[in-house]
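Reviewing the structure listed below.
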Amino acid sequence: MEQALAVHGSSSNDKTAIAEAFGKAAQTYDAHAAFQRDVGHRLLDLMPADLTGRVVLDLGCGTGYFSQMLQQRGAHVVCCDLSQQMLDTARKRCGERNMSYHLGDAEKLPFEVEQFDLVFSSLALQWCEDLADPLREIHRVLKHNGQAYFSTLLDGSLSELKQSWAKIDSYQHVNDFISTNQVKIALAQSGCVNHRLDLPSITVWYTTAFSLMRDLKGIGATHVHGRSHGLTSRTALRQVEQAYQTFKNHQGLLPATYQVCLGVIHR
């Protein structure tokens, strides 16, 4: 079993591997996505409560959990994801009323210019090689006076897991995340000059490190760029579990800390 969370280096081969990993997790994703739902709800809270008549792109829609909430607010929702299995799962959840589904890459969106009133994209853009590329595409497909709402992960996320693995071997089990400054540079490069960022730190508590790694596998976050070694042994997992104990709190719980960027862009 192998668990990880990737961010950089998404070549075409990487994109295929990422899509396959998420496709395999389409049936298990919702059971392991408590953190992803937390972040998505925070992002959703920044959006208008009434979206009646608005066309909203859910970029990286996954299983359609938030697509359905956007639909319930009255929006016509366009679901876009890299994984066909995720789109199929979203379609089963949301149906066809005020919904459409498109297989697509955030770096090369299959949409015309100024097509959407709003864009919602939660914890999807970290899978792109250069954040400026999907932001540029989001800016392109937004209507004049439209808004985009995105979340991504920042440097320092899953630091406990990274430090624990570093004590076991020299392989990269958790990819590096970009800094806040790199997000700001990407926004400038993509022409998204009118924006604001919120930067919460979110800690999820686990009884075991294995539970964290099981969640990462359950959501399909298993692709690490440049990794060439094989599956991780049970011995290594036990060693990681032991190393992770240094982070235990007084209640015996283990933290998984995420540094999150919530961004709002005004076109």
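Just in the stretch 101-196: which trypsin sites (Lys or Arg not before Pro) are loop by DSSP and have at most 16 other Cβ atoms within 10 Å?
Sites meeting the loop and neighbour criteria: K167.
Within the stretch 161-203, what residues put their amide N at less than 11 Å from the label point 7 Å along the Cα-to-Cβ vector of L253?
Answer for the stretch 161-203: 203.
If exposed means no more than 11 neighbouring beta carbons inside 10 Å and the site is in a DSSP loop, what's the longest run of the chain without any exposed GluC sites (Glu not before Pro)?
Longest run free of exposed loop sites: 113-267.
At a Förster distance of 35 Å, what's the computed FRET efficiency of R140 paired with W205, Cβ-Cβ distance as r, to 0.05?
With R0 = 35 Å, the Cβ-Cβ based efficiency is 0.30.
With all distinct Cα pairs included, what does the Kirkwood hydrodynamic radius of the stretch 95-232 come out to in Å, to one decimal, could you say?
It is 17.3 Å.
Which one, L51, S151, V240, is farthest towards the positive end of the dipole of the chain when Lys and Arg carry +1 and Asp and Glu -1 on their Cβ?
Working it through, the farthest residue towards the positive pole turns out to be V240.
Could you pull the Cα extents of the chain along its three principal axes, largest to smallest, in whole Å?
For the chain, the Cα extents along the three principal axes come out at 54, 39, 38 Å.
Loop-only check: which chymotrypsin sites (Phe, Trp or Tyr not before Pro) in the stretch 137-184 are DSSP coil with at most 16 other Cβ within 10 angstrom?
Hits after loop and neighbour filter: Y171.
Hey, rough spin-label estimate for T246 and A31, points 7 angstrom out along Cα→Cβ, what's it come to in nanometres?
With each label placed 7 Å out from Cα toward Cβ, I get 3.4 nm.
So what is the 222 nm mean residue ellipticity for the chain from helices alone, if each DSSP H run of at least 4 adds -39500 (n - 2.57) and you divide by all residues, rounding to the nearest 500 deg cm²/dmol?
Numbers: 9 runs with 92 residues, N = 267.
Rounded to the nearest 500, it is -10000 deg cm²/dmol.
Excluding residues on the same chain fewer than 8 positions from K248, give the lysines whose Cα lies under 26 Å from its Cα.
Within the straight-line cut-off, K248 pairs with K162, K167, K217.
Dipole magnitude of the chain about its Cα centre, charges +1 at Lys/Arg Cβ and -1 at Asp/Glu Cβ only, in debye to the nearest 20?
Details: 25 positive and 27 negative charges, 88 e Å.
In debye, rounded to 20, the chain gives about 420.
If you build a Gaussian network model of the chain, linking Cα atoms that sit under 10 Å apart, which residue out of G218, G74, G60 swings the most?
Largest GNM mean-square fluctuation: G74.
Where the centre of each part is set by its Cα atoms, how far does the stretch 166-202 sit from the stretch 66-145, in angstrom?
Centre-to-centre (Cα) distance: 21 Å.
May I ask what percent, to the nearest 5, of DSSP beta bridges between residues of the stretch 95-203 are antiparallel?
The answer is about 10 percent antiparallel.
What does DSSP give for the chain in terms of the percent of beta bridges that are antiparallel, rounded to the nearest 5?
For the chain, the DSSP antiparallel bridge percentage is about 45.
Bear in mind that the values in this text are calculations on the coordinates, not laboratory data. Computed from a predicted structure; not experimentally measured. A quick note on method: Cβ atoms are made from the backbone with ideal geometry, for glycine too, and the neighbour counts reach across all protein chains shown.
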